[in-house]
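**Student:** Supplied in C-alpha cells, the structure appears directly below.
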Amino acid sequence: MADSRTRDGDAAETYRAGFAVLVGRPNAGKSTLTNALVGQKVAITSAKPQTTRHTIRGIVHREDGQLILVDTPGLHRPRTLLGQRLNDLVAETLSEVDAIGFCLPADERIGPGDRFIANQLAAVGRKPIVAIVTKADLVDRGRLAEQLLAVEALGREVLGGEGWAELVPVSAKDGYQVAIVEKILIAHMPPSPPLYPDGELTDEPEAVMVAELIREAALEGVRDELPHSLAVVVEEIVPREGRSEDNPLLDVRVNLFVERPSQKAIIIGRGGERLREVGTAARRGIEALLGTRIYLDLHVKVAKDWQRDPKQLGRLGF
C-alpha cells in the first residue's frame, strides 16, 4: 500500500493507526459492537454478563486508517479473585491504548456501576474518551434523547470542562451509526502506517478463539450463576492422521471446567443431550473459523471453587 502520510501531518493526507478499548459495565454491548465494527465475529457475545475473559483484538481496515479494537471484561466491583484479575486486566489495557470508548446502553438508566467506571476512566489521564450509547434500537427517539443528555451530563461531572471527546448513539444490531463510531475512533488514532496486514481481522491465537466459541454455545439458556463458573481450555487441535489432503479433518479436544457437580449436570444435560447441543452449535463456528471440518471432543470436569484459587486460576489461563 502506498504511504499517504505527509510531513506536515495534514489530517486529510495522514494515515492513522492505533488501539482503542471499549469499556463499560457487563452486558453493555461491547462485544457485539466489536463484531459489528470488524464485520465478523471475533468476540464472544451472550445475554449473560461477564462472558468476556480475554482481550480480543478486532482489526478494522479503512483506506485512511486502521483501528485495533481491544474488547475487555466488563468493569465491575469484584467479588472474587477472578473478578479482581479481570478488573486488573482492564486497567492494564486502559494504560496502553490511544483512545477509549465508554459503552452505556440506551435502555438502562445511568447507575452506580456506570459512575464507578466513569470515575475510573477520569483517573486514566489525558486520553480521548468517546461516550457510546449502545442498543439505540431498543428505545424510541425520546428515550434516546434523554439518555444522551444524561450521558453528556455525566461526562461534564466526572471529567470537567466539555466532558467526553465525542458522544454518539449506535445500534450494532441494525448497523445504525456503526460507521460513524468507526470514523470517530480512527480520527483519534495517531498518524502511523498500518500495524497489521490488510485483511487480518484478529491477532488472537486460534485456540483462544475456539475456546470462546465453545463458551458462547455453553452459556446459551443456562442459569445465571454459570457464566462466572465456566472455563474452557483447548487441550489440542491436531490433524487426523491418515486423511488425504483433499479431505482433511482436525481433532479438537476441549475441557470445560465448572466449580460444582450440580453445574456439571447442567452443562451435560439429561443423557448428555445438552452437551451434544453445545458441540453442534460450537462446531459450526469453529469450522468457519478454521476453514475445515473438525471432530469436537468435549469433556466436562469439576475444579472446585477455581475462581478463588490462585493456583487453579493460573492453570486455567487467568
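Laboratory data are not the source of any read-out in this text; all were calculated from the coordinates shown. Because the structure is a prediction, the values reported are computed rather than measured. So basically every Cβ, Gly included, is an ideal-geometry build from the backbone, and we count neighbours across all protein chains shown.
**Student:** Would you mind calculating the gained length between residue 62 and residue 183 on full extension (0.36 nm times residue separation, minus the Cα-Cα distance), in nm to one decimal?
**Tutor:** Numbers: separation 121, 0.36 × 121 = 43.56 nm, distance 0.92 nm.
Once the chain is fully extended between residue 62 and residue 183, it gains 42.6 nm.
**Student:** Pull up all non-local amide H partners of residue 294: gap of 5 or more, or a different chain, and H-to-H distance under 5 Å with H placed in the peptide plane.
**Tutor:** 250
**Student:** Just to compare against my own numbers: the Cα pair-distance distribution for region 148-198, 10 Å bins, whole % per bin, please.
**Tutor:** Histogramming region 148-198 at 10 Å steps yields 21, 35, 34, 10, 0 percent.
**Student:** Quick one: net charge around residue 158, please, counting Lys, Arg +1 and Asp, Glu -1 for every other residue with C-beta under 11 Å from its C-beta. Before the final figure, lay out each step's value.
**Tutor:** Numbers: positive: 115, 156; negative: 114, 157.
Result for the neighbourhood of residue 158: 0.
**Student:** Would you mind putting 208-215, 185-192 in packing order, based on average other-beta-carbon counts within 10 Å, highest first? Each step should come with its number before you reach the end.
**Tutor:** Numbers: 208-215: 23.0, 185-192: 18.8.
By packing density, highest mean first, the sequence is 208-215, 185-192.
**Student:** Just to check I understand the Karplus step: with θ = phi - 60° and J = 6.51 cos²θ - 1.76 cosθ + 1.60, what whole-Hz values come out for region 61-70, glycine and proline as x?
**Tutor:** With coefficients 6.51, -1.76 and 1.60, one gets 10, 9, 4, 9, x, 9, 10, 9, 8, 9 Hz.
**Student:** Scan around residue 17 for amide H atoms under 5 Å from its own, H built in the peptide plane at 1.01 Å from N, and keep only partners 5 or more places away or cross-chain.
**Tutor:** 66, 192
**Student:** I've got another one for you. Each residue of region 239-246 in turn: what ³J(HN,Hα) in whole Hz from Karplus with 6.51, -1.76, 1.60 and θ = phi - 60°, glycine and Pro shown as x?
**Tutor:** x, 5, 5, x, 8, 6, 5, 8
**Student:** Same structure, new question: 5 Å is the cut-off here: which amide hydrogens, built 1.01 Å from N in the peptide plane, fall below it relative to residue 176, excluding neighbours closer than 5 in sequence?
**Tutor:** 171
**Student:** Moving on to the next point. How would you rank 25-35, 256-266, highest first, on the average number of other Cβ atoms within 10 Å across their residues? Before the final figure, lay out the partial values.
**Tutor:** Working: 25-35: 23.8, 256-266: 17.1.
Ranked by mean Cβ neighbours within 10 Å, highest first: 25-35, 256-266.
**Student:** Let me ask something additional. Give, as a single signed number, the net charge of other residues whose beta carbon lies under 13 Å from the beta carbon of residue 177, with Lys and Arg counted +1 and Asp and Glu -1. Walk me through the numbers before you get to the answer.
**Tutor:** Working: positive: 135, 173, 183; negative: 137, 166, 174, 182.
Net of charged neighbours comes to -1.
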